[in-house]
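The values are calculated or read from the model by the stated rules, or taken from the named source; none is laboratory data. None of these values were measured; they are calculated from a predicted model. Using ideal geometry, Cβ is built from the backbone for each residue, glycine included, and neighbour counts are taken over all protein chains shown.
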Amino acid sequence: MLASLTTSQIAASKIRHMMTFLGLVTGLYFLTNVLWGFLYVKIIKRQKKLALRKQAKDNALEGNTQNNGRTNISISTNKEEENKEKHRGGRQTQSQKMEESSQDVSQMTSQQVLCDPTERRSRKRLSTLKMFIIALSFAYFSKALTGTYMKSSITQIERRFDLSSTRVGLIDGSFEMGNLLFLAVVSHFGAQLHRPRLIAAGCLLMAVGALLTGLTHFFMGFYKYDTVIQVLQNSNVSIPACVNPLKTVDMPEIQIEPSVEDSKGCERESSSHMWIYVFLGNALRGIGETPVTPLGISYIDDFAKEENSPFYIACLQTITLLGPMFGFLLGSYCAKLYVDIGYVDMESVTITPKDSRWVGAWWLGFLVSSSLLLVSSIPFWFLPRSLPKQGDETDKPTPPSLILDGAESAQSSNQTIKLTEIAKGFLPSLKRLLGTPAYFLLLCAAILKFNSFIGLLTFKAKYMEQQFGQSASRANFLIGVLNLPAVALGIFLGGLLMRRYKLSVVSGAQFSFATSFMGYLLLLLQFGTKCDNRPVAGLTVSYNGTQSVSYNGEMLFSDCNRDCSCSPDEWDPVCSDSGITYVSPCMASCLNSSGHGKNTVFHNCSCVSTSYPPGSSMSVRLGQCPHAKDCSRSFTSYMAVSVLSSFINSLGATPGYMVIIRCITPDLKSLALGIQTLVTRTLGGIPAPVYFGALIDSTCLKWSIKKCGGRGACRIYDSNMYSGTSYFFMIAVIVLLKRQFWKSDRETELQQPRASKESGIMVQLDIQEKSSAGNTSPKPSSDKTDSTGVEKDLEG
C-alpha cells in the first residue's frame with residue numbers, strides 16, 4: 001500500500017506530521033514560558049516576604065535590647081526611697097512604649113525594604129546567581145548532547161544523503177565555521193550588553209539549527225536502497241536473480257532490475273542537494289553556541305566570590321561531561337530505529353542495522369535535542385543584567401558601564417580607548433606571546449592533539465563498524481558507556497593530582513608529556529587489534545575463495561556469472577555457507593528464491609559451487625557474512641586498550657592547560673587563551689574531519705552509484721588500508737621527533753668543546769685554590785703568572 005504512494009503524497013504526509021509536531025512544540029514552549037514566569041514571580045514574592053520577616057525580627061530584637069538598657073540605667077539612678085508599686089507602674093508604661101516603638105521601627109523597615117530596590121536586589125542576589133548557574137548547567141548539557149549526537153549520526157547522514165566521508169566531514173566542520181565567525185565579536189561586545197538574554201538568544205538559535213537539521217527528513221521521500229527484492233503482493237513468487245537476456249524467462253511484473261530501471265531515463269532526485277540544509281543547520285548551531293561559554297563563565301566570575309567561582313565552574317564542567325554520554329546513548333537508540341519508521345511496513349525492509357545500507361532515525365535525535373535547547377533558553381530571559389558581587393557589603397549591583405570583558409574596567413568610564421591604540425597594543429602583545437618558546441611549542445602540541453581528538457571522535461564509531469563489523473547502535477553505545485566516563489575520570493584525577501602534589505610549570509609539562517606519550521604508545525597497540533577483510537567475491541578474494549585480488553570493475557565478473565547480465569553497480573550482498581559474501585544474488589548466479597523479506601533465500605547459485613565442495617548447498621541468504629570468531633576477541637582487546645588510552649590521555653589535560661596559563665605573564669593570559677582557542681579550532685576543528693574523511697575514502701572498495709551517475713556512499717572498505725591510514729600521522733610524528741633529536745644532538749656536539757674548555761678552566765681554578773691554601777707564603781710572581789694564565793683562558 002505505502003509503496004504505491006507518489007513522492008508528492010509522501011512529502012505531504014510528512015509535512016502534515018511535521019506541522020503537527022511544530023504545533024505541539026510551539027504550544028509547549030509558550031506553556032513552559034508561562035510556567036517559568038509564574039514560578040519566578042512566586043519565588044521573588046516568597047523571598048520578599050522572608051526578607052521582610054527577618055528584617056522586622058532583627059529590628060525588634062535590637063529595639064528590645066536598647067530599651068532594656070535604658071530601663072536598667074533609669075532604675076539604677078532612681079532613689080531607693082521610691083515606692084515599689086509606683087516603680088512597677090512606670091516599668092509597665094515604659095515596656096508598652098518599647099513595644100510601640102519596636103512596631104514603628106519594624107513598619108519603617110518594611111516600608112524601606114519595599115521601596116528601596118537596592119535592598120530587594122541584595123536579598124535575592126544569591127538565589128538569582130544559583131538560578132543562573134543551574135540554567136547555564138542545563139544549557140551546557142543540552143549543547144554538549146547535541147554536538148555529540150551529531151558526531152554519532154555521521155554514518156547515518158552519509159548513507160541517507162549518499163555522500164562521501166569527505167563531504168560529511170565538511171558538514172561536521174560547519175559547526176566550527178559558524179562558531180568562529182562570531183566568536184571574537186560576541187566575546188568582546190557581549191560583555192557590554194545583557195549577557196543572560198544573549199545566552200538565551202544563543203540557545204534559541206541552537207534550537208533552530210538543530211530543528212532545521214532534523215526537519216530536512218520531512219522534505220524528502222522514502223529512503224530507497226539497492227535491492228532486487230521489492231514489496232511483493234504474493235510471497236510465493238520466485239525471484240530469478242540471474243537473467244540471461246538471450247533467453248525468454250517469465251518474470252513477475254513487479255520485479256524490476258536496477259539496470260533496466262536506469263535505462264528508462266535519468267530523473268534527478270529532489271533530495272540530492274538536501275544535505276545543504278544539514279550543513280546550514282549545523283553552522284547555525286555553531287553561531288548560537290558562541291555566546292554561551294564566554295559570557296556564561298564571565299557572568300559567574302564577575303558576581304561570585306573569588307573562592308566560590310572555581311567551584312561553580314568545576315560544577316559546570318562536570319555536568320557538561322554528562323552531555324556527550326547521553327548524546328552517544330541517544331545516537332545508539334536512534335540508530336536502531338529505521339529512518340522511515342512509522343511510514344513503512346517494517347516487514348518489507350530486508351536490511352538489518354549491521355548492513356552497510358541501513359539508515360537509522362537520525363532526524364529523531366535532532367528534534368529531541370532541539371526541544372532541550374529550546375527549554376534551556378527560557379530561564380535566561382528572566383535573569384537580571386547584573387548582580388551585586390557576593391561578599392560586597394554595599395549590596396549594590398555592578399553598573400553595566402563598569403563591566404568590560406567580564407570584569408570591572410580598570411579605567412574610568414569617561415575615558416575612551418581608540419581603536420588605533422588597541423591595535424598598536426595588540427600586535428606587540430601577539431609578537432611577545434608567539435615569541436615565547438614554551439607557549440609556541442604547547443600551542444603546536446595542542447593543535448596536533450585537537451586534530452587527533454576531533455578526527456577520532458568523528459569517525460571512531462565508523463571505524464568500529466567497518467573494522468570489527470559492529471552496528472552503529474552498538475558502537476555509539478560502547479563509546480558513551482566506556483570511553484567517555486574514562487575521559488571524565490581522567491580529567492578529574494588529573495586536576496586532583498595537580499592540586500595534591502602542587503605541580504610546578506615544569507612538573508606539569510613533564511606530566512602532560514608523559515601521559516601523551518603513553519597514550520600514543522597505547523594507540524600503536526590498537527592497530528594490532530584488527531580484523532582481516534571479510535571475504536567478498538571479486539573484491540577481497542577471488543570467486544574460488546583462495547586468493548586475494550586487487551579490485552577493479554572486471555574482477556566482479558567470473559565465468560559463472562557472465563551470462564547473467566548483472567550490473568557492476570549493484571550492491572545487495574548475500575552470504576553463502578562457505579562464509580564468502582557475493583555482491584548481489586545476480587553475481588552469485590542464483591536462479592530462483594524462496595521466502596520473503598529478510599528471510600529470502602536464493603537457490604541454485606552457480607558461483608557458490610566454485611568455492612564449495614561438490615554436492616554441498618548452493619544457496620545464499622540476504623546480508624553480508626559476519627566476521628570470523630577471533631574478530632570478537634580482537635574487538636574486546638581493542639575496546640580495553642581504547643578505554644585505557646582515553647583515560648591516560650585525559651590525565652594530562654588539566655596539567656597541560658594550567659601550564660599554558662602559567663608559562664606566560666599575567667597581562668598576556670587572556671590573549672593566550674583566546675589565541676589557543678582560535679588557532680586550535682581553526683586548524684583542528686575545521687580541517688580534521690575533512691582530511692580524515694578523505695583518507696577514509698581512499699580505502700573504499702565499492703561505491704554506491706547515484707541514479708544519474710556519480711559516486712555516492714561507500715559500501716565496503718579495505719580493513720587493512722583503513723587502519724593503515726593512521727600510520728601516515730605516526731610516520732610524520734616520528735620524522736618530526738627524529739629531526740628534533742638530530743637537531744638537539746647537533747647542538748650538543750657544538751656545545752661540547754666549549755663545555756670541555758670551561759670544565760678545564762674550572763679544574764685549573766680548583767688547583768690554584770688548593771695550592772694557595774696549602775702554601776702559607778706563595779711567591780708573588782707565580783700567582784701573577786697563574787692568574788694571568790687563567791684570565792687568558794677565560795678570555796679565550
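A few remarks follow.
- Single residue of region 339-357 satisfying the filter (surrounded by fewer than 16 Cβ atoms within 10 Å (Cβ to Cβ) and among the hydrophobic types (A, V, I, L, M, F, W, C)) that is farthest from Leu622 (Cα to Cα): Ile341
- Here Ser332 passes the criteria (1) buried (at least 17 other Cβ atoms within 10 Å of the Cβ); (2) farther than 22 Å from Leu129 by Cα; (3) touching a strand residue (DSSP E or B) at 6+ places or on another chain (Cβ under 7 Å) except the one numbered (3).
A quick yes/no check of all residues on (1) farther than 30 Å from Pro324 by Cβ; (2) modelled with pLDDT under 85; (3) in contact with an Asp or Glu (Cβ under 8 Å, 6 or more places away or on another chain); (4) not in a helix (DSSP H, G or I):
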site	(1), (2), (3), (4)
Thr416	yes, yes, no, yes
Ala423	yes, yes, no, no
Leu427	yes, yes, no, no
Ala438	yes, yes, no, no
Leu443	no, no, no, no
Ile447	no, no, no, no
Phe450	no, no, no, no
Phe459	no, no, no, no
Gln466	no, no, no, no
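- Close pairs (8 angstrom Cβ cut-off, 6 or more residues apart or separate chains): more than 20 Å from Pro291 (Cβ to Cβ) in region 199-221, of a type in the set (S, T, N, Q) and surrounded by 22 or more Cβ atoms within 10 Å (Cβ to Cβ) anywhere: Thr213/Asn282; Gly214/Ser370
- Test result for Met658, touching a residue at least 40 places away in the same chain (Cβ under 8 Å), over 30 Å from Val506 (Cβ atoms) and not assigned by TED's automatic domain parsing to the domain that holds Asp355: no
Residues checked against (1) modelled with pLDDT of 90 or more; (2) among the hydroxyl-bearing types (Ser, Thr, Tyr):
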{"residue": "Ser110", "(1), (2)": "no, yes"}
{"residue": "Val113", "(1), (2)": "no, no"}
{"residue": "Arg120", "(1), (2)": "no, no"}
{"residue": "Lys124", "(1), (2)": "no, no"}
{"residue": "Leu129", "(1), (2)": "no, no"}
{"residue": "Ser142", "(1), (2)": "yes, yes"}
{"residue": "Tyr149", "(1), (2)": "yes, yes"}
{"residue": "Gln156", "(1), (2)": "yes, no"}
{"residue": "Asp162", "(1), (2)": "no, no"}
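- So Arg474, is it free of Cβ contacts under 8 Å to residues at least 60 places away in the same chain and not in a loop (DSSP other than H, G, I, E, B): no
- Yes/no for Tyr149 being crowded, with 24+ Cβ neighbours inside 10 Å, aromatic (Phe, Trp, Tyr) and either out of contact with any strand residue (DSSP E or B) (no Cβ under 8 Å at 6 or more places or on another chain) or touching a residue at least 24 places away in the same chain (Cβ under 8 Å) (or both): yes
- Whichever residue in region 479-510 is part of a helix (DSSP H, G or I) and among the basic types (Lys, Arg) and, among such residues, is modelled with the lowest pLDDT: Arg499
- In region 439-458, the residues that are farther than 25 Å from Phe328 by Cβ and surrounded by fewer than 20 Cβ atoms within 10 Å (Cβ to Cβ) reach residues that are aromatic (Phe, Trp, Tyr) and modelled with pLDDT of 85 or more with C-beta atoms within less than 9 angstrom, at least six apart or across chains, in these pairs: Ala445/Phe513.
- The selection criterion, being surrounded by 20 or more Cβ atoms within 10 Å (Cβ to Cβ) and either touching a residue at least 12 places away in the same chain (Cβ under 8 Å) or under 30 Å from Phe527 (Cα atoms) (or both), does not hold for Ala694.
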